[in-house]
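K.L.:
Got a structure here, written out as structure tokens. Questions coming.
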Ligand SMILES: NC(=O)c1ccc[n+]([C@@H]2O[C@H](COP(=O)([O-])OP(=O)(O)OC[C@H]3O[C@@H](n4cnc5c(N)ncnc54)[C@H](OP(=O)(O)O)[C@@H]3O)[C@@H](O)[C@H]2O)c1
């Protein structure tokens, strides 16, 4: 195959540039995918602004983009169950040939799902990172996750019936997936925080109570207490994990409770309190996530087809890959609400 176009972040905190990238053949266990849609993620503006986020990227120039939907172009050796022309969705990796802001990318077949006919490429591309992060947060074993049972069979579906759950940031991409996985797991009531304008959307996904994200911790505590009565609050998923939301989540938990956070810990633990927390590493290829990723991917297409997991609202950015820079600035400014920004690589001039 000839070379293709990719969006490179040229250097640490440097310039974005659309340039040629080699189209490599898929190896054993891999697919080559023509990328139709790629969703934007906050980690990308963090990398651009701060130069790295945790261990990524390993080097520059780097290609980013992790929420990928497209069409299988070529199947690597030993791959079964996928064929040229299949519509697929998967989480890209922080490697130049496996990222999403380009015309073609390589996918590890273990963590690829076929897109059911009810979802467009744009809708499918809203989901992989959120699903990976939420599923590993809830169902990954401790200390990396909360150690719940995956809700894909009779043993897991509805298992936590009647237990209250608080999801901080229900309108975030992670929050919308967290609400839906919480429903599958049976949690009730499902409490969340968001801008009041997103209350209808979040209730349509399964939230029972949507509290204004600007409530003081004291007012939030009072409203949570009113909603759950005497039941202990044993689990909080903080999909925002800013210092005040981490602290609120920690403070709201009952003794013995567990807090899931998605960026490194910034809360002040209270001496003598028995509350644990785990920081999610929502990447399927991470060794401690592989098993749960394999299991969930057996059920992924069915969960998307039957509407158990619905996509985010979509806004397609103009300009193909060149639309990504402006989109990331909007994510950084916090001006995107309840919606996933999507780039179409092949619309790049
Ligand atoms: N650890 C991991 O593996 C991992 C993986 C993915 C993402 N993350 C991190 O998780 C965070 C969320 O990512 P995302 O893609 O889901 O973000 P996102 O979709 O861009 O989040 C935007 C939403 O956040 C909500 N929000 C912002 N501040 C809030 C607050 N104080 N209280 C309640 N809601 C608030 C807004 O809700 P309203 O519009 O209702 O105001 C907005 O709709 C980011 O920091 C990201 O870097 C971590």
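K.L.:
Please label the shape of the chain as rounded, prolate or oblate, based on the square roots a ≥ b ≥ c of the eigenvalues of the alpha-carbon gyration tensor (a/c under 1.5 means rounded; beyond that, a/b larger than b/c means prolate, else oblate).
P.N.:
prolate
K.L.:
Would you mind calculating the gained length between residue 24 and residue 117 on full extension (0.36 nm times residue separation, minus the Cα-Cα distance), in nm to one decimal?
P.N.:
In short, 30.6 nm is gained.
K.L.:
In whole angstrom, how far apart do the alpha carbon centroids of the range 1-43 and the range 282-349 sit?
P.N.:
15
K.L.:
Round to the nearest 10 and give me the degree value, 0 to 90, for the angle of helix 128-139's Cα axis relative to the longest principal axis of the chain.
P.N.:
40
K.L.:
Here's another thing I want to ask about it. By how many degrees, 0 to 90 and rounded to 10, does the Cα axis of helix 290-305 deviate from the longest principal axis of the chain?
P.N.:
That works out to roughly 90 degrees.
K.L.:
If I model a spin label at residue 80 and residue 216 as a point 7 Å from the Cα along the Cα→Cβ vector, what separation in nanometres do I get?
P.N.:
6.3
K.L.:
How high is the relative contact order of the range 165-271, in percent, with contacts defined as C-alpha pairs under 8 Å that are six or more residues apart?
P.N.:
For the range 165-271, the relative contact order is 26 percent.
K.L.:
So what's the back-of-envelope 222 nm ellipticity for the chain, counting only DSSP H runs of four-plus at -39500 (n - 2.57) apiece and dividing by all residues, rounded to 500?
P.N.:
Computed mean residue ellipticity for the chain: -8000 deg cm²/dmol.
K.L.:
So, R0 is 41 Å and r is the distance between the beta-carbons of residue 274 and residue 154; what FRET efficiency does that work out to, to 0.05?
P.N.:
Step by step, r from the Cβ atoms, then E = 0.80.
K.L.:
With a cut-off of 8 Å between alpha carbons and a minimum separation of six or more residues, what is the relative contact order of the chain in percent?
P.N.:
The value is 18 percent.
K.L.:
Still on this structure, I have one more. For the range 81-154 and the range 182-220, what is the separation of their Cα centres, given in Å?
P.N.:
25
K.L.:
Can you tell me the length gained on complete extension of the stretch residue 223 to residue 242, counting 0.36 nm per residue apart and subtracting the Cα distance?
P.N.:
Answer, rounded to one decimal: 4.8 nm.
K.L.:
A further question on this structure: Any chance you could give the angle, 0 to 90 degrees and rounded to 10, that helix 323-333 forms with the longest Cα principal axis of the chain?
P.N.:
The answer is roughly 20 degrees.
Laboratory data are not the source of any read-out in this text; all were calculated from the coordinates shown. Computed from a predicted model, the values in this text were never measured in an experiment. Because the Cβ atoms are built from the backbone with ideal geometry, glycine has one as well, and the counts that use them run over all protein chains shown.
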